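Worksheet: the structure to be examined is printed underneath.
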Amino acid sequence: MSIRSIALLAISAWLCAASPVIAADLHATVYDEGGTPLTDAVVVAYPDGFAIEVPKTSTEVEDQIKKEFVPYVKPVHVGTLVKFPNKDDISHHVYSFSPAKRFELPLYRGTVASPVMFDKTGIVKLGCNIHDWMIGYLYVTDAPFFAKTERQGRVDILQMPAGPYRVHVWHPRMFASEDSTIRHITVQESASVEWRLKLNREFRARRTPLPDEPGYR
């Protein structure tokens with residue numbers, strides 16, 4: 001074997017040893033204090049001590065359907081453009097006063113011409129000036145891995161580089177701080193983690209009818 005071949009094998013072995021293995025899955029479950037699976041909880045995972053490529057940003061959609069923001073909670077990567085189409089047959093006026101993003105989309109129907117850029121990490125609480133009960137949240141993160149729990153309170157983040165991670169969870173009604181949920185775990189082929197969150201009571205304005213609608217909806 002030539003010296004060049006030996007050198008190439010040595011470099012290849014070093015690269016394999018230095019690079020995380022792409023074969024790890026993280027399974028997370030979030031419950032409320034009473035053990036009921038919790039929807040709309042965002043689980044985020046940061047590599048702890050090693051770097052990986054940050055995913056490319058894309059254009060996402062936050063709908064307005066039946067006078068509600070859909071989805072109620074949407075995690076997005078920092079730098080993402082978000083469209084706010086109004087799929088109702090009435091007008092909405094979308095806004096946020098959150099420090100992570102202050103913006104306003106004056107009264108409109110259909111789809112506004114330009115999406116909104118979310119260029120700072122943090123929680124963006126959405127509202128509608130016309131319908132006070134319309135509340136939604138964008139969770140803007142720089143984490144390379146994140147997902148939101150569904151009905152069973154579970155998320156599966158697949159094909160992560162194996163290694164140590166700092167993992168935590170956020171929910172709109174959580175009582176404690178997000179930092180209090182931090183877990184340091186090592187993900188090899190597979191790892192599981194769960195949380196039980198104490199929740200604040202939910203305070204939302206009561207839905208009111210339009211002039212031609214009977215009762216509360």
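Going by the conditions given, is Ala23 small (Gly, Ala, Ser), surrounded by 13 or more Cβ atoms within 10 Å (Cβ to Cβ), closer than 30 Å to Pro164 by Cα and at pLDDT 95 or above? Against the criterion (small (Gly, Ala, Ser), surrounded by 13 or more Cβ atoms within 10 Å (Cβ to Cβ), closer than 30 Å to Pro164 by Cα and at pLDDT 95 or above), Ala23 does not qualify. Taken over the range 145-169, the criterion of being crowded, with 19+ Cβ neighbours inside 10 Å and closer than 23 Å to Lys83 by Cα is satisfied by Phe145, Phe146, Lys148, Thr149. Applying the condition of being assigned to a loop (DSSP other than H, G, I, E, B) and in contact with a strand residue (DSSP E or B) (Cβ under 7 Å, 6 or more places away or on another chain) to the range 72-82 and asking which residue is farthest from Ala113 (Cα to Cα) yields Tyr72. Condition first: assigned to a strand (DSSP E or B) and small (Gly, Ala, Ser). Can you find one or more residues in the range 151-172 that meet it? The answer is yes; a qualifying residue exists.
Determine whether Arg204 is assigned to a loop (DSSP other than H, G, I, E, B) and among the basic types (Lys, Arg). When the stated conditions are applied, Arg204 passes them.
Within the range 42-71, the set of residues being touching a strand residue (DSSP E or B) at 6+ places or on another chain (Cβ under 9 Å) and more than 23 Å from Phe84 (Cβ to Cβ) comprises Val43, Val44, Ala45, Tyr46, Pro47, Asp48, Gly49, Phe50, Ile52, Val54. Count of the range 67-90 residues, restricted to those that are of a type in the set (A, V, I, L, M, F, W, C), buried (at least 17 other Cβ atoms within 10 Å of the Cβ) and within 16 Å of the chain's Cα centre (by Cα), is 5. Of the candidates Gly49, Gly122, Gly153, Gly127, the single residue that is within 25 Å of Thr39 (Cβ to Cβ), in contact (Cβ under 8 Å) with a residue 24 or more places away in the chain and in the same structural domain as Ala28 (by TED's automatic domain parsing) is Gly153.
I need the full set of residues from the range 187-201 which are part of a strand (DSSP E or B), among the polar types (S, T, N, Q) and modelled with pLDDT of 95 or more, in order please. The one that is part of a strand (DSSP E or B), among the polar types (S, T, N, Q) and modelled with pLDDT of 95 or more: Ser192.
Is there a residue being among the aliphatic types (A, V, I, L, M) and part of a strand (DSSP E or B) anywhere in the range 85-93? Before the answer, list the steps.
Filtering the range 85-93 for residues among the aliphatic types (A, V, I, L, M) gives 90.
Still in the running and part of a strand (DSSP E or B): none.
Within the range 85-93, not a single residue is among the aliphatic types (A, V, I, L, M) and part of a strand (DSSP E or B).
The one condition from (1) in contact with a Phe, Trp or Tyr (Cβ under 8 Å, 6 or more places away or on another chain); (2) modelled with pLDDT under 95; (3) surrounded by 19 or more Cβ atoms within 10 Å (Cβ to Cβ) that His131 does not meet is (1).
The values are calculated or read from the model by the stated rules, or taken from the named source; none is laboratory data. Because the structure is a prediction, the values reported are computed rather than measured. All Cβ positions, even for glycine, are placed from backbone atoms using ideal geometry, and neighbour counts span all protein chains on display.
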